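Written below as structure tokens is the structure these notes are about.
The values are calculated or read from the model by the stated rules, or taken from the named source; none is laboratory data. Note that the structure is predicted; figures quoted are calculated from it, not measured. Neighbour counts are summed over all protein chains in view; Cβ atoms, including those assigned to glycine, are modelled from backbone coordinates with ideal geometry.
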Amino acid sequence: MRYRLISVLGILALLISAQAVVSSQTTGTVEGQVLNMTLGGQPVAQAPVILWTVDAEGEESLLRAATDDEGLVRFDDLDTVAHSYRLQVQHQGVSYWSEVAAFPEGDVLLSMFVAVYDSTESDEDLWIERAHVILEVRSGTLSLQEMQIFVNAGAKTYSGSYATGGHTLRFSLPDGAAELQLPEDLMACCIAQAEGGFAYTMPVLPGQKEFFFSYQVPYGSASYTISKRVLYPVRSLDVLVADTGVEVTGPGLTVGAPLTIRDQTYLHLTAQDVAAGADLTLQLGRLPLEGRLPSGQTPGSPILVRAVIGAGTLATLLVLAYPFFKQRRGVET
């Protein structure tokens with residue numbers, strides 16, 4: 001009997017020891033560092049940091065701490081298997097995030113880095129590097145797709161009126177525009193109505209950011225002029241009009257050779273170094289009148305019926321813009 005009791009106790013001890021080993025192997029530490037890139041990578045002391053868990057069910061805030069004098073922060077006793085992690089840092093009213101990362105297999109230390117920038121309300125370092133306008137004629141309606149590549153060339157995040165619940169970037173639309181469509185990620189968080197168009201409501205970090213959107217403008221005669229205000233300096237502008245027999249000209253636009261993309265020929269107009277405050281005007285002629293709305297009437301859908309832009313539309317924008325990206329990269333190289 002005594003022998004059996006000793007054996008049972010021995011087995012229990014082994015099980016407890018094994019479980020302790022497993023437990024120690026599945027908990028680890030996240031070490032993070034917060035650096036201010038506006039100041040050349042200087043550590044940020046006493047920065048509030050939130051550790052988030054990321055898994056198939058979504059994200060959840062887990063722990064909070066503040067950085068030390070070296071901009072370092074540490075979170076211990078974390079599951080190294082079930083979750084990935086990311087860090088959130090608040091700096092001058094703007095949230096910054098690390099990349100999502102997981103513990104490498106067998107490791108118990110995960111190092112993460114968060115870059116933050118000082119903020120500015122000045123837009124003097126903002127411009128549009130490339131703007132693409134793609135126009136097709138469909139049964140009394142002008143269908144337009146736009147891609148704008150913004151550059152924040154400064155060393156600070158442009159916050160505009162974000163801190164007071166306002167917007168940062170503005171986008172103009174021509175009179176009569178309707179059926180505005182935007183990518184789903186922007187629709188969910190970051191778009192608001194603004195006079196003459198719509199606005200982006202999130203801060204703009206240093207670097208490049210692309211925006212895609214589409215809309216429709218009805219017409220009621222064989223000749224029609226469409227115009228919109230240019231709100232930021234534009235380094236390079238390309239206008240592509242599907243060649244279905246229509247004519248197109250515009251003040252300040254240079255007519256280039258037609259382009260053929262995906263078996264469709266496009267009339268091609270360009271402009272360089274367009275100043276903020278100028279008007280982009282397209283004068284269209286020989287428009288088909290079949291299926292048009294009677295003159296003076298517009299469709300009932302208001303501009304802020306914001307549908308989610310489809311994957312097909314995004315793909316078309318990227319395909320049409322690709323030759324210009326390629327050309328630009330070749331020049332920069």
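Summed over the range 75-84, residues that are surrounded by 12 or more Cβ atoms within 10 Å (Cβ to Cβ) and either assigned to a strand (DSSP E or B) or not assigned by TED's automatic domain parsing to the domain that holds SER98 (or both) total 4.
Rundown of residues vs (1) within 28 Å of ALA163 (Cα to Cα); (2) assigned to a strand (DSSP E or B), yes/no style:
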residue	(1), (2)
GLN33	yes, yes
GLN46	yes, no
THR53	yes, yes
SER61	yes, yes
ARG86	yes, yes
VAL89	yes, yes
PHE103	no, no
GLY106	no, no
SER111	no, yes
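Once the range 18-51 is narrowed to residues that are among the small types (Gly, Ala, Ser) and either at pLDDT 50 or above or under 26 Å from the mean Cα position of the chain (by Cα) (or both), the residue that is farthest from ARG86 (Cα to Cα) is GLY40. Within the range 218-230, does at least one residue satisfy the condition of being in a loop (DSSP other than H, G, I, E, B) and either in contact with a helix residue (DSSP H, G or I) (Cβ under 7 Å, 6 or more places away or on another chain) or buried (at least 20 other Cβ atoms within 10 Å of the Cβ) (or both)? Yes, the conditions are met somewhere in the range 218-230. Evaluate the range 197-211: report whether one residue or more is at pLDDT below 95 and surrounded by fewer than 15 Cβ atoms within 10 Å (Cβ to Cβ). No - not one qualifying residue is present in the range 197-211.
Residue check: GLU179 meets all listed conditions (1) of a type in the set (D, E, K, R); (2) modelled with pLDDT of 95 or more; (3) in contact with a Ser or Thr (Cβ under 6 Å, 6 or more places away or on another chain) but one, namely (2). Among strands (runs of 3 or more DSSP E) entirely within the range 128-215, having at least 1 residues that are among the charged types (D, E, K, R) and either in contact (Cβ under 8 Å) with a residue 60 or more places away in the chain or within 30 Å of PRO258 (Cβ to Cβ) (or both) singles out 141-152, 169-172, 178-182.
Here ARG130 does not qualify as within 30 Å of GLY285 (Cα to Cα), loosely packed, with under 13 Cβ neighbours inside 10 Å, assigned by TED's automatic domain parsing to the domain that holds ASP273 and among the charged types (D, E, K, R). Of all residues in the range 216-240, those satisfying the criterion of being in contact (Cβ under 8 Å) with a residue 60 or more places away in the chain and more than 26 Å from LEU186 (Cβ to Cβ) are TYR219, GLY220, SER221, ALA222, SER223, TYR224. Tell me whether the range 38-56 contains one or more residues that are surrounded by 13 or more Cβ atoms within 10 Å (Cβ to Cβ) and closer than 19 Å to VAL204 by Cα. Within the range 38-56 (the criterion being surrounded by 13 or more Cβ atoms within 10 Å (Cβ to Cβ) and closer than 19 Å to VAL204 by Cα), the answer is yes, since at least one residue qualifies. Scanning the range 92-114 for residues that are within 20 Å of the chain's Cα centre (by Cα), at pLDDT 95 or above and farther than 13 Å from VAL30 by Cβ returns VAL94, SER95, TYR96, TRP97.
Scanning the range 119-142 for residues that are over 30 Å from ASN36 (Cα atoms) and small (Gly, Ala, Ser) yields ALA131, SER139, GLY140. Kindly indicate whether GLU105 is in contact with a Pro (Cβ under 9 Å, 6 or more places away or on another chain), more than 21 Å from PHE212 (Cα to Cα), in the same structural domain as ALA45 (by TED's automatic domain parsing) and among the acidic types (Asp, Glu). Criteria not met by GLU105.
Counting just the residues of the range 241-276 that are free of Cβ contacts under 8 Å to residues at least 12 places away in the same chain and at negative phi, which one comes out surrounded by the fewest Cβ atoms within 10 Å (Cβ to Cβ)? Filtering first and then ranking leaves ALA257.
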